[in-house]
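For reference, the structure is listed below as structure tokens.
Every number here is computed from the coordinates shown, using simple stated rules; none is lab data. From a predicted model like this one, the values you see are computed outputs, not experimental measurements. Don't worry about glycine lacking a Cβ; one is built from the backbone with ideal geometry, like all the others, and counts go over all protein chains shown.
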Amino acid sequence: MKHSSTFINGKCFFICLCGILFLTKLSFSTGELEVACRDAERKALDKFKRGLADPSGRLSSWVGDDCCRWEGVSCNNRTRHVVELNLRSPSSNSLDGDGTTQTLSGKIDPSLIVLKDLNYLDLSKIDFGGSQIPSFIGSLQSLRYLNLSGASFGGTIPPSLGNLSRLVYLDLNKVDQFELTKSSLYWLSSLSSLKYLHLGGWDLSMSATDWLQTVNRLPTLLELHLPFCQLSNLPLTLLSLNFTSLVVLDLSNNGFNSTIPDWLFNLKSLVHLDLNSNNLYGPLLDKIAYLGSLQKLDLSLNTIEGQLSKNLGKLCNLRSLDLSQNRITGEITDVLDSLLRCSRSSLKTLNLGYNELKGNLPNSLGYLKSLTYLQMSDNLFQGSLPNSIGNLTSLEEISLSSNILSGIPKSLGQLSKLTVLDISENIWEGVITETHLANLSSLTELTMDKVSPNISLVFKINSDWIPPFKLTYLLIRSCQLGPKFPTWLKNQSELTFVILNNAMISDTIPNWFLNLDLRLGRLEMAYNQLSGRVPNSFRFNKESIADLSTNRFQGPLPIWSSNITIFSLRDNLFSEPIPPNIGEAMPLLSDLDISENSLSGSIPLSIGNLTGLTTLIISNNKLSGQIPHLWEDKQFLYIVDMSNNNLSGTIPTTMGSLSSLELLVLSNNKLSGELPSSLQNCANMVNLDLGDNRFTGKLPAWIGESMHNLLILSLRSNSFSGNIPHQFCGLSKLHIMDLSHNHLTGHIPHCIGNLSGLKSEGIDEITYQGKLKVVAKGRALLYDSTLYLFNSIDLSNNNLSGGIPMELTKLIKLGTLNLSMNHLTGQIPSTIGNLEWIETLYISMNHISGPIPLSMTSLTFLNHLNLSYNNLSGKIPTTNQFLTFDDPSIYEGNVGLCGRPLLTECPNHSGQSKPRGDEEDGDGDGDGGDKFEKLGLIISIVIGFFVGFWGVCGTLIIKRSWRIAYFRFAERVKSVCLSMF
């Protein structure tokens, strides 16, 4: 036979298809009789050859008069007509011995129309460059087999293919990305003999409503493959079902948005069902058990929910079950018990990953003895792995990552065929000994880490133990391997991937590890206490990663292999200058992080050679000198962090050529001069932090005009002067603006209320924004991973005048507002109570007058307040949050203020000051007013308790999204409390 089916396990299908192809081949078998082909057909083939590029000489045999002897050509013995043309490329990207491609390319010459007796045509994996399938192929009416899969066609499917009424096998599967035109399927209905159909990758949305009715007219169909066809309609019913002999059905990666249709369960011969990556939803129907012949079921990447059907146990022929990435709930015990209802389970592949299954893994798991692949990651399993897992002696791969599992039994070490063990991101505890790994002789990949950095799993392995396996991939994170470097790695000479992060190793890297002479693709030993000098003898594969950050390494910065792309030695004790040849010795670097060391000297010019650089982080060192001009040809660079050094001079104008730049952090240096206008070309800027320098001049208006993606703007502690540009109000995504400690004058722009980033729900937490030191909650705090949660405006310590704009109170998501140490006048806006999320409010050392607005008492999150040294007057509120503000210093310097916690008493109704014991808390007269106010206070407390308790707790119980938001807020409070101590 000249082809192989993608999945043929049903005996009937196999026998039927073999018979058909045998008869097909029999008709054009050449046997041993030598014949010469027809001259017209030889000329047609020769013309077809001239239209192809053949760099590897695959058609070198196409010479001479007898085309029946040419490679890939077969003729009928009796008639001498060409009946077969098979030029299937061995691979679309394979290379022959001299490195040239074996793939033919070019175009299909219309001369092939001469081949009237052709019944087998295979041009699969030839590169036709996105051209359309020639319509003349529909004139080759003798064709029974047509395979154009992976042949780089574009355009549309020609309807003329519907003329091929004898066609049994049609494969047009696309594996490329050439532009397509929407195709219809009406031509299919005339192919009544078709048994195999594969149209994967074609845009069939034109037939989205009637595709099933068209396919239903093919009564002999055995295999149907329509993946990635942009079909959106999956009819739930059919009046009559004609293709009941279907063995393989693949409708994966479409846009179906419905439940699983009823007609599907009438396909009694179905062996392989693939509906993955659609939008199918609802419970997993019990009817699926009617598919008694089913051997492979793939319903992954849908939104199927509810508990698994107990009728799964009727699928005794099932060999592969993939229900991953759905919303399946329930106890895993029920699922396994259902699968074990067959006396001899033949299940080999079980994938229930990315669901919401829960419970302990039961001992019954060990009864699925035919399992070779077990994937149950990202669920809610807890407890220990069952001892019976050692019974799964055929198991080759296990993935149980991202659960709540805690115990690892010694029986795990009995799985001698296991090659991949992934039990990462759980809460493992206890002790691992050599017994747990004793018989894993086939193991090549070991992944074991904890979901939290707290170490509760300890490796206690004898120093002279020699493992039976040879690992290529080793990841152990947040488990105790130390304090000594693990000696059981001595014989692991095939390692290419090594991650031993947060493993409590406080040793040096031993010589025997270096003598393994590994060719590494990734080396990470971060968050340990490794010390000494880093050896230069590591060897790396191309595009490798090396991370030894957060250790105690010292000495000069090492220069490693030229193949490294990501290089992180952050947070160590490296000293001396950065090697001047770093950009020449490591030319493939894309990410360089050598921050938080004691590196001195200047920034090497050779960094300019790193044309593929994406991140450059050299902050928190002792670097000096000017920022060099090395920024041309850095089209991918998006992070530059040089903060906390001793750099001087100006910002190079060439930095404006960094069109991809998103984070520019130069704070806490000695940089001076005006900001170069070329920076306005950095339109993708997210974080611009130039604080704590010596910059001068006016605030550039182009920041607000060109940097529309800006989230953070920090220009604090410089010498900027002039007004705040009204263009800053156009920064709609801004959530942190710090212009404090400058020489700014003029009024606060009224358009500041347009900062919509301080009105919305906040920034996506996955957006990396770097680190930033901000003044909030009474102190300077460094925010990093939670920076996206912080919303702040700081205009303090300037020379601003005028009033506090009423529009400022529209920024309802503002968490910190600091306007202190200016020359502001007028009153505190009465609408300041709109700032419902405000935590820190500083308005001290201004000329603000009038009373403290009563609306401030509704600011329930306010915990840091300073109104000192203004001209405020009247009584200090004593309700709600103000009951906690008992420090008189936050009100001092306001001669007109009175009441607690100040010593100044408020006058009574007649203008007389009252003794402290008789002081009124409200505006009522005498005892009556006091009683009514106290009664109102009690009533408000009672009502507030019930409303507050059930309004918050009740909503948290009912609404899941609010629970998530609440716990995020609690995490913020926790981090702040920890930072205060």
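Odds and ends about this structure:
- The stretch 438-536: GluC sites (Glu not before Pro) in DSSP loop, at most 14 other beta carbons within 10 Å: E494
- For the stretch 289-334, the square roots a ≥ b ≥ c of the C-alpha gyration tensor eigenvalues yield an a/c of 1.5 or more together with a/b not exceeding b/c, which makes the shape oblate.
- Taking chymotrypsin sites (Phe, Trp or Tyr not before Pro) across the stretch 168-215, none is in a DSSP loop with at most 11 further Cβ atoms lying within 10 angstrom of its Cβ.
- The stretch 686-904: relative contact order as a whole-number percent, Cα under 8 Å and 6+ apart: 13
- Over 30 Å between alpha carbons, listed pairs K369/K484; K107/K634; K195/K369; K410/K490; K296/K450: K369/K484; K107/K634; K195/K369; K296/K450
- Under Karplus coefficients 6.51, -1.76 and 1.60, residue-wise ³J(HN,Hα) of the stretch 895-903 in Hz, glycine/proline x: 5, x, 7, 8, x, 4, x, 6, 7
- Rounded to whole Hz, the Karplus (6.51, -1.76, 1.60) HN-Hα couplings of the stretch 524-536, x for glycine and proline: 9, 9, 7, 6, 10, 10, 5, 9, x, 8, 7, x, 9
- For I328, the residues whose amide H sits under 5 Å from its own are E356, ignoring neighbours fewer than 5 places away on the same chain, with H placed 1.01 Å from N.
- Flagged links, alpha-carbon separation over 31 Å, of K125/K470; K542/K670; K125/K182: K125/K470; K542/K670
- Evaluating 6.51 cos²θ - 1.76 cosθ + 1.60 at θ = phi - 60° for every residue in the stretch 149-162, the Karplus couplings come out as 5, x, 9, 6, 8, x, x, 10, 7, x, x, 5, 4, x Hz, glycine and proline recorded as x.
- Amide H contacts under 5 Å for C37, placed H, 5+ residues apart: C67, C68
- Stokes-Einstein diffusion of the stretch 686-904 at 20 °C, 1.002 mPa s viscosity, Kirkwood radius from Cα pairs, rounded to a whole number: 122 µm²/s.
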